Each structure stands twice: as C-alpha cells, then as structure tokens.
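S.K.: Got a structure here, written out as structure tokens. Questions coming.
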Amino acid sequence: MDTIAAISTATGNGGIGIIRLSGKETFEILNKVFVPKNEKKASGYTMKYGHIIDANKNIVDEVLVSYFYEPKSYTTENMCEINSHGGFVVERKILELCIANGAKLAEPGEFTKRAFLNGRIDLVQAESIIDLINSKSEKEARASINQLEGKLSKNINSIKANLLDLMADVEASIDYPEYDIEDVTNNKVLDALNTIESKLYNISNSFKNGKILREGIKTAIVGKPNAGKSSLLNTILNEERAIVSEIQGTTRDTIEEFVTIEGITLKLIDTAGIRNATDEIERIGVNKSKKIIKDAELVIAIFDGTRDLEEEDYEILELIKDKNAIIILNKADICDSKLDSNEKIINCHKNIIKMSAKNGDNIDKLYEQISRMYQINNIEVDDGDIITNIRHKQQIDEAIKSVEKAKETIYNGMPIDIIEIYLKQVLTELGKITGDDVSEDIINEIFSKFCLGK
C-alpha cells in the first residue's frame, strides 16, 4: 500500500498542528524533509527535535517528530507524527513537502481503515472512534470509549463462540446419525438458542438508551406568543440566544441548540408561538411548530401563569395530550399562578412545574423531572452491552430473526441439518457488526464519514 499523509488537526490557527504519515516508506520520506538536531536513529515511541526544510534547504518550521515502528503503531505500519506550529500555511506546506517526496494524500478515515484492515481493531472499535470524536455528552463519550476498548465486541464474540459450539453439536449429529442422538441434540439446541436469543435481545433493547446517548432527546419548547419560550431557552443555555420581546410573534422560525443535563444531551428547539398568525411568514412558522411537536420525543409546554387559558393554550394542550410532556406555569415571580386549579391543566395528566423562565427560579426542578422521565441516572454505559449505532441494532435484530427461524425448525420437527442454515445466518449477521463478514461497500461507507487525518 502507498504511504499516506494528512493533516490530523482541525483547520485554523492553534498552538500546534500535526501532520501524520503511515506506510512502508514513512521514514524515507521523513528523512527528505526533516533535519533532526541529533542524528542518532530514533527508537519507537520517542520524539526528535529539529526542522522541516524545503527543496532549497530553507527552514519551513521548528518541529518535534514522534516515531512509531511497525507493528506497534496506530495502523500497525511505520508511522510518524510531525508536531509543527499551528496554522494553515505551515501545516499545508509540510504536507505538500511530504507528498512531493512520495507520500499520497490520505482519504477520510484512511488511517483508521488501515488499523482495521491490518487487524489491530475490529469494525465496532473503528466506528467507536468517530463516535468518540463526535460525542456531545460525557456519557456518550464513555460509551464510545467502552466500545473502543472492545467491550461490545467481546460480548458479540462470546455469543459467536456459543453459536460455534452449538454448530459443532449439530454437525456431529449430521455426520454420525447411527448414534441416534437427534432428540437429545434438539433439546440441547433449543436451550442454547433460548440463551443466545436472550443475550441478543438484551443488546438490542439497549439501543433505546443508546439512541438517547448518541442523538440526545429531541425537545420542543412550545407555547403561545410571549408565554416565555425564548426566556426559558436562554435560561437553560445561560446566554441570550433567542430574542426576548414584548412584541408577539418575534420567533418566526425554530432555534435549535444542544445542552447537556445529567450527562445526556437535549436537542432544544424553540418554536414559533402558536396562534392564529396574521401574515404568511408567521403562519409557516406556526405550522412548522406543530410538526415539530408531532416529531419531538419530549415537549416542554409553557403557559403564562398570570393569565387565564385562551384559545391557543387549549390548542397546545390538545397537541401534547399523547406526548411525553412537561407543563411549565411561567411567571411565578410576578404573582401566584391563575392556572393552579385549572381543570384542563390538571386533567391532562402531565408533570406540572411552576417557575420563572426569566429568572431561572425552579429550573432545577425541570432538570430533575427530565432526568426522572428518561431514567437518565439509570443509564449504565460501563458494562459494554449498550449499543449506540443503528447499524449494530439492525444486524442484531436480523440475527434474532434467524434465531427465531432456527427454533421454528425444531418446533416443526424439521431435519436438524436445516437448523445449521439459520445458525450460519446468525453468525453472518454478527460478523457484519465486528467486520468479520462485511462487504467492501459497507466498509467504505463507514470510513467515508471520518475526517481527514484520522
């Protein structure tokens, strides 16, 4: 394979920049552009100080170079990392020199792809790297770290080992039919399949929490104009993100922001105030708000506690009746709420919190309620069973279907060799998760989502 090079640090000015090389000719290329202060050969896991020079021996930058010799590197190939001063001009110049001296510009994710293809990590671990980079909360990052350390892979491989043991028994009954052990084997197979199915269901069911970790909770803040939606958003974010005005209809489009509560991300959407709009633009915003309510996983419905319910408020209560929702009786700092005993509010059977969105009074009660609703404190990420990737979920579910079909063959009294077909299908589906049995197209699609230099 070619020796590849790429800038691994983000674009822009910074304290340092890192240019990475990997491949058989890494050190030959490095020696053409790097002049160390100490000419002694560097051993693995060491750094050397010196200068990057161009073709005319002009100094380009003062750098530190890290040395990694095969197979003890990220890719298992010869690797080096040139630590330069940060900045687009310097980093780009060093990269161009590496390419001019024989390196090839790396594709997105190609370093990690080589680590996978060379057997240092499996596909689950490779995907966990991009998940870790894109993590928006502490718990999501911890889940990614656990997968990077191989905890999910270990669980998957344990199930695969159980399947292989089972297949050995099935094949023995096929190869030695004279021993008449089919009934015994069928019973043993059924017990084993039930155990495997239970393990697979536990992993599949973990995706509900895994989806929360990865994507957050899509949360719509709704209410009529001037109920306090934008004030609530600003209080949660602790910044003036949304315009707060006495003029009704200020928010005409959605405002989306992310916030972390108890280690879980909320995707907050401040919607246009719901009312009979007076112009076309506001009407579009109101219709968009109604759609967002329909699609949201959590709705925070905010009502002005200083006023009696009006037509728009009743419409909002109707929109949220079948949703996970929290009702905020706002402006508690001004006066006692007029809505405490309102039958429509009480009978909607939603969690109700009195607060001041403007001052942040009782905002902690809102956080506590969200935490309880989604059992955030009960989401455990350290056992390795939780999956956050929809691809893994789909393959686990396909494996479960094959297990169920294998069980049906036993219930229907079919020949035992039919069972082996479905057992092989389970192994295939699980192999697609870890990368043992996956197409090149899927591999390319996964690594295309990576950034350059990773």
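What follows draws every value from the coordinates through simple rules; no lab data is involved. Keep in mind the model is a prediction, meaning the values are calculated, not measured. So basically every Cβ, Gly included, is an ideal-geometry build from the backbone, and we count neighbours across all protein chains shown.
S.K.: If you line up the Cα atoms of the stretch 71-136 on their principal axes, what length do they span on each, largest first, in Å?
M.R.: Cα spread of the stretch 71-136 along its principal axes, largest to smallest: 35, 32, 19 Å.
S.K.: Also, I was wondering about something else. Taking a quarter of the surface of the Cα convex hull of the chain, what do you get in nm²? Present the calculation step by step, with values, prior to reporting the outcome.
M.R.: Details: hull surface 122.4 nm².
Average of the hull's projected areas for the chain equals 30.6 nm².
S.K.: Which order results if TYR374, TYR69 are arranged by neighbouring Cβ count within 10 Å, fewest first? Walk me through the numbers on the way to the answer.
M.R.: On the way: TYR374 21, TYR69 16.
Least to most surrounded, the residues fall as TYR69, TYR374.
S.K.: Any idea what diffusion coefficient the stretch 10-92 gets from Stokes-Einstein, in µm²/s, Kirkwood Rh on alpha carbon pairs, 4 °C, 1.567 mPa s? Intermediate results must be reported in sequence, preceding the final value.
M.R.: Values: Rh = 13.1 Å.
The estimated diffusion coefficient comes to 99 µm²/s.
S.K.: Hey, if you put +1 on the Cβ of every Lys and Arg and -1 on every Asp and Glu Cβ in the chain, which of ILE145, CYS98, ASN287 ends up farthest toward the positive end of that dipole?
M.R.: CYS98
S.K.: Also: At a 10 Å Cβ-Cβ cut-off, how would you order GLU149, GLU197, fewest neighbours first? Kindly include the intermediate steps, with their values, before the conclusion.
M.R.: Details: GLU149 13, GLU197 18.
With the fewest neighbours first, GLU149, GLU197 line up as GLU149, GLU197.
S.K.: Give me HIS51, HIS349 ranked fewest to most by other Cβ atoms within 10 Å of their Cβ, as a rough exposure proxy.
M.R.: Numbers: HIS51 16, HIS349 8.
Fewest-to-most Cβ neighbours within 10 Å comes out as HIS349, HIS51.
S.K.: Which length gain, in nm to one decimal place, applies between ASN13 and VAL35 when the Cα-Cα distance is subtracted from 0.36 nm times their residue separation? Before the final figure, lay out each step's value.
M.R.: On the way: separation 22, 0.36 × 22 = 7.92 nm, distance 2.46 nm.
In short, 5.5 nm is gained.
S.K.: Please label the shape of the stretch 369-437 as rounded, prolate or oblate, based on the square roots a ≥ b ≥ c of the eigenvalues of the alpha-carbon gyration tensor (a/c under 1.5 means rounded; beyond that, a/b larger than b/c means prolate, else oblate).
M.R.: On the way: a/c = 3.94, a/b = 2.11, b/c = 1.87.
It comes out prolate by the Cα gyration axes.
S.K.: Now, a different point. Separation between the ASN58 and LEU164 pseudo-spin-labels, each 7 Å from Cα along Cα→Cβ, expressed in nm?
M.R.: For the pair ASN58/LEU164, the computed spacing is 5.9 nm.
S.K.: Among THR76, ALA55, ALA42, pick out the residue whose Cα is farthest towards the positive end of the charge dipole of the stretch 4-106, where Lys and Arg carry +1 and Asp and Glu carry -1 on C-beta, about the Cα centre.
M.R.: Checking the options against the dipole of the stretch 4-106, the answer is ALA42.
S.K.: Quick one: if the Förster radius is 25 Å, what FRET efficiency do ASP322 and ASP397 give, using the C-beta to C-beta distance and rounding to 0.05?
M.R.: Numbers: r = 26 Å, r/R0 = 1.05.
The computed FRET efficiency comes out at 0.45.
S.K.: When only Cα pairs under 8 Å and 6 or more residues apart are kept, what is the percent relative contact order across the chain? Before the final figure, lay out each step's value.
M.R.: Numbers: 806 pairs, mean separation 76.1, N = 454.
After rounding, I find 17 percent.
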